[in-house]
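As structure tokens, the structure follows; a few thoughts come after it.
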Amino acid sequence: MTTSESPTRRRGTRRAAAHGTAAGAVCVLALAAALTGCGSDSGGDAGAPGPATPSRSAEPSPASPTPTPTPTPTRSSASPTPTEAKPMKPSTPAELRACADGSCTVVVTKGTELPRAAGLRAGPFTVSAVGAEGVDLSSVDASGFTSNLLGQRPDQGGPSTVNELSISVLAITGDTAKLRLFPAK
């Protein structure tokens, strides 16, 4: 140090030297912590959790059921097949006539005729299509008014209503569909 330095400059130099020493100590401590605390494979870490070991034996107890093996499918297809639904048997003409009061559950195919529900001012209906796209129904009443219900599906959010009759598709399997007819509220 020379005598030409002012006292203020000497204090700044001492402060910078002290600050540098403290910063260096922090860096050394951080480096030491990183090397000893993280990822050490030496096994000497007393605070690190060890590998989990089971507290019971691996053999099943006599009281616990033994799992049964799942049979392997015999089909050779690589892609899973959807669950096949039981085919539905179309309703008989007598079961269809029961719909005349506006309250029935029937299984229909293309060409099925549902009788007029006179008390509910709806029908007769003809099933014009049944398939994966839904069920199509059409009706021409005595005055010539035509009603078409197209693409009716079980997952559409609710029944369709014509005058005072509600029609709900309960299920579609192949070319058959289960319909429920009931009075609209």
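The values are calculated or read from the model by the stated rules, or taken from the named source; none is laboratory data. Everything numeric in this text was worked out from a predicted model, so none of it was measured. Counting neighbours? That spans all protein chains shown, and the Cβs are built from the backbone with ideal geometry, glycine included. What goes into the accessible areas is simple: the full protein's heavy atoms, side chains included, and nothing from ligands, DNA or RNA. Shrake-Rupley method; radii C 1.70, N 1.55, O 1.52, S 1.80 Å.
Going through segment 91-114 one residue at a time, which ones are surrounded by 19 or more Cβ atoms within 10 Å (Cβ to Cβ) and not hydrophobic (A, V, I, L, M, F, W, C)?
S91, G102, T112
Among the residues of segment 152-185, how many are crowded, with 19+ Cβ neighbours inside 10 Å and over 19 Å from A117 (Cα atoms)?
So the count comes out to 4.
Residue pairs, Cβ under 8 Å, 6 or more apart or interchain, first in segment 86-99 and within 16 Å of G111 (Cβ to Cβ), second open to solvent by 90 Å² or more (accessible area, probe 1.4 Å). List them.
Short answer, once both residue conditions are applied: L96/E113.
Please enumerate the residues belonging to segment 115-148 that are within 14 Å of I172 (Cβ to Cβ) and open to solvent by 20 Å² or more (accessible area, probe 1.4 Å).
Start the filter on segment 115-148 by keeping residues that are within 14 Å of I172 (Cβ to Cβ), which leaves 127, 129-137.
Residues satisfying the conditions are A129, V130, A132, E133, D136.
Which condition does T109 not pass, out of (1) in contact with a Pro (Cβ under 9 Å, 6 or more places away or on another chain); (2) more than 16 Å from K178 (Cα to Cα); (3) not hydrophobic (A, V, I, L, M, F, W, C), if it passes all the others?
If we test T109 against (1) in contact with a Pro (Cβ under 9 Å, 6 or more places away or on another chain); (2) more than 16 Å from K178 (Cα to Cα); (3) not hydrophobic (A, V, I, L, M, F, W, C), just (2) comes out false.
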